[in-house]
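The values are calculated or read from the model by the stated rules, or taken from the named source; none is laboratory data. The model shown is predicted, which means the values in this text are computed figures rather than measured ones. FYI the Cβ positions are ideal-geometry reconstructions off the backbone, even for glycines, and counts take in every protein chain you see. When the accessible area is computed, the model is the full protein with side chains, heavy atoms only, and any ligands, DNA or RNA have been set aside. Shrake-Rupley method; radii C 1.70, N 1.55, O 1.52, S 1.80 Å.
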Amino acid sequence: MSNIEIGAWSFPILLLLIFIRIPIGLAMMVVGAGGTYVVFGSTMMTMGQLKHLVYGTFSNYSLTIVPLFLLMGQFATLSGMSKGLFKAAESWLGHLKGGVAMSAIGACAGFGAICGSSLATAATMGQTALPELRRYGYSGPLATGTLAAGGTLGILIPPSVILVIYAILTEQNIAKLFAAAFIPGILAAIGYMLVIAIYVRVVPGSGDALEPRPYVERFKALIAVWPVILIFLVVVGGIYAGIFTPTEAAAVGAAGTGLVALLAGGLNLKKVADSILTTANSTAMIFTIVLGAGMFNSFLALTQLPQTSAQWVTEQGFSPWFVLFCVLVLYLVFGCVMDSLSMVLLTVPIFFPIMTALDFGMGAEEFALWFGIIVLIVVEVGLITPPVGMNLFVINTMAPDIPISQTFRGTAPFVMADIVRVAILAMFPSITLALVWLIY
Amino acid sequence: MADGDQQGQDSGTDMYQTLNTGIGWLARVIALLGGAVLITLIVMTCLSITGRALIPLGLGPVPGDFELVEAGVAFSIFSFMPWCQYNRGHARVDLFQATFGLFVNRVIDLIADLIMFGASYLIAWRLYLGTMDKYSYHETTFILQFEIWMAYAASLLGAFTFVIVSGFCVLRSARAFLANPTELHT
């Protein structure tokens, strides 16, 4: 068997292991180590590699940002800022038809600016906004659909853990990727609000308007969320002004949200311990996948499969846009069953060389940023599509009276909005790149 | 069932429960220790940035702050591994969980825990050898000039705990597998 064939065979084996519920990171380690053994005929390579690979991965300066952002998100959930954000959004949007749901989206976007995880955003905003939506008589599917979709803004609007991983895999500048994610993130929020506006008109009685609030009250509510704005400006502004590295920014953000949580009375020793344990769990999960992907990808590189397949695709003379279309459809399909981080770690090392070899009429860096954002959006769609959309389940456990099938139905229009947005961003790369051009 | 058997089983269950509590406590304490280091690093980084901003006033950044962050975060992540394993926190695809039935799922849990135990053992063993490598070369970091083996050795705490905890998880899933022989055919 040639090395290429070994590389090709590793995929069905890996997928089999993953689908019989072996932890994804562990499955990648096993196939990576096993494949390396098949190629080399000895375990020496893996054994030598392991002496420094694990410590090297865990101490990688760019990756140290991950636990810091996760802890920042945990503190943010305890800071009570979600309530303030929701209030502020509601005072501005509540008087529109479907306005309370739109406010939930606005608050999710605001929360996403200080939290880099979709699940944490969905869970926190769900706790805050779900009771309000029900109180104002919003229908079950609209309420749960809104919050599950709104949660994905957590990862789309920087900071974002997945973008950090993508940046490392493709050797891109994290700050530039965050800048590229910004406009698509805002578009996502606007798109979701449009969906709500249409939804409440098509389905009568699903959501109503509140009395408009006086402007004094609106500005008061807006001023009340100053900690969120300040933390976001310091973290993101600090990175762009070159005052600190993304890792330092994450540390500052964690300290800031921690301080706000402390002052809001949300932090005691037990809460801090809980935050640490949740962070510990997610961090270890992510780094197990990163480690497994590292071993699997170094095995793939040995077999030269990525280079060969990139060469093959270019030789076929496919239209670049056709290839992009196929890749995105593949992501959407796999997103239904796999978590987004594993998907990115597993596929980007293979797809990225293929895509860079094709000519999309832009520079290498511009392409990498644009492709990263599009991939981020399509893998996030997986969080709100059945059967294993994590956000759906997070929200559903908070609203046990709404059957999961209704939640699925409520999310469908938002998934449509995601797909339309991906198509627009794919057709007009300048939307994504505009802010990068402006800053750099 | 004879009385003696029943008693033997009960004391076995008690011992297992004690062990379960103990291992859970160990995983939690080590994770909290890693978290304490992480929070210390956050404070240190904030001080370092402040110091750097105030260079005109005669202050300065914490020397070697990047090196400390790297070594400290590595320690934290190694310390987080046992908790994630104990807590069954690893990402997996549960699409077919319902289709498989209880028996198949328990077999898979046992196999997954066995592989994880093997992986944790390999990681700890190779990290130990890596530590020895760094120790014999006396390799030091660039700015603080502390010897890198020390950072490796600190990480061994988490790595060794990971082996103990994943060893326990094999026992845990083996017990779950053996506990309900009547449900073997479901």
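Yes or no, residue by residue, for (1) in contact with an Asp or Glu (Cβ under 8 Å, 6 or more places away or on another chain); (2) within 19 Å of A:Arg421 (Cα to Cα); (3) crowded, with 18+ Cβ neighbours inside 10 Å:
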site: A:Leu305; (1), (2), (3): no, no, yes
site: A:Pro320; (1), (2), (3): yes, no, no
site: A:Val333; (1), (2), (3): no, yes, no
site: A:Asp339; (1), (2), (3): no, no, yes
site: A:Gly363; (1), (2), (3): no, no, no
| query | crowded, with 23+ Cβ neighbours inside 10 Å and either within 14 Å of chain B (Cβ to nearest Cβ) or modelled with pLDDT of 95 or more (or both), is that true of A:Thr245? | reply | no
| Total residues in the stretch B:124-153, condition part of a helix (DSSP H, G or I), closer than 19 Å to B:Gly64 by Cα and open to solvent by 40 Å² or more (accessible area, probe 1.4 Å) | 2
| query | Looking only at helices (runs of 4 or more DSSP H) that fall completely inside the stretch A:9-107, which ones have 1 or more residues that are within 14 Å of another protein chain (Cβ to nearest Cβ), β-branched (Val, Ile, Thr) and over 26 Å from the mean Cα position of the chain (by Cα)? | reply | A:24-40, A:44-58
| note | All-but-one check, B:Val107 against (1) within 8 Å of chain A (Cβ to nearest Cβ); (2) open to solvent by 10 Å² or more (accessible area, probe 1.4 Å), failing number (1)
| Hits in the stretch A:397-415 (condition: part of a helix (DSSP H, G or I) and open to solvent by 30 Å² or more (accessible area, probe 1.4 Å)) | A:Thr397, A:Met398, A:Ile404, A:Ser405, A:Gln406, A:Phe408, A:Arg409, A:Ala412, A:Pro413
| field | Condition broken by A:Thr283, with the remaining ones in (1) within 22 Å of A:Met355 (Cβ to Cβ); (2) buried (at least 21 other Cβ atoms within 10 Å of the Cβ); (3) of a type outside the set (Asp, Glu) satisfied | value | (1)
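Just a yes or no: is a residue in the stretch A:192-200 touching a residue at least 24 places away in the same chain (Cβ under 8 Å) and closer than 26 Å to A:Leu230 by Cα? Quick ask: steps written out before the conclusion?
Residues of the stretch A:192-200 that are touching a residue at least 24 places away in the same chain (Cβ under 8 Å), as a first pass: A:192-200.
Those still in the list that are closer than 26 Å to A:Leu230 by Cα too: A:192-193.
Yes, the stretch A:192-200 contains at least one residue that is touching a residue at least 24 places away in the same chain (Cβ under 8 Å) and closer than 26 Å to A:Leu230 by Cα.
When you look at A:Leu433, is it crowded, with 20+ Cβ neighbours inside 10 Å, under 20 Å from A:Met338 (Cα atoms) and not basic (Lys, Arg), yes or no?
no
Output yes when any residue across the stretch A:381-389 is small (Gly, Ala, Ser) and open to solvent by less than 20 Å² (accessible area, probe 1.4 Å), and no when none is. Explain how you work it out, then say what you get.
Filtering the stretch A:381-389 for residues small (Gly, Ala, Ser) gives A:382, A:389.
Cutting the leftovers down to open to solvent by less than 20 Å² (accessible area, probe 1.4 Å) gives us A:382, A:389.
Looking through the stretch A:381-389, at least one residue is small (Gly, Ala, Ser) and open to solvent by less than 20 Å² (accessible area, probe 1.4 Å).
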| Does the stretch B:47-54 contain any residue that is free of Cβ contacts under 8 Å to residues at least 24 places away in the same chain, closer than 19 Å to A:Ile243 by Cβ, within 11 Å of chain A (Cβ to nearest Cβ) and not in a helix (DSSP H, G or I)? | no
| task | Considering every residue within the stretch B:71-83, establish whether at least one is within 13 Å of chain A (Cβ to nearest Cβ) and surrounded by fewer than 18 Cβ atoms within 10 Å (Cβ to Cβ). | result | no
| note | Here the residues within the stretch A:186-225 that are assigned to a helix (DSSP H, G or I), among the small types (Gly, Ala, Ser) and at pLDDT below 95 are A:Ala221
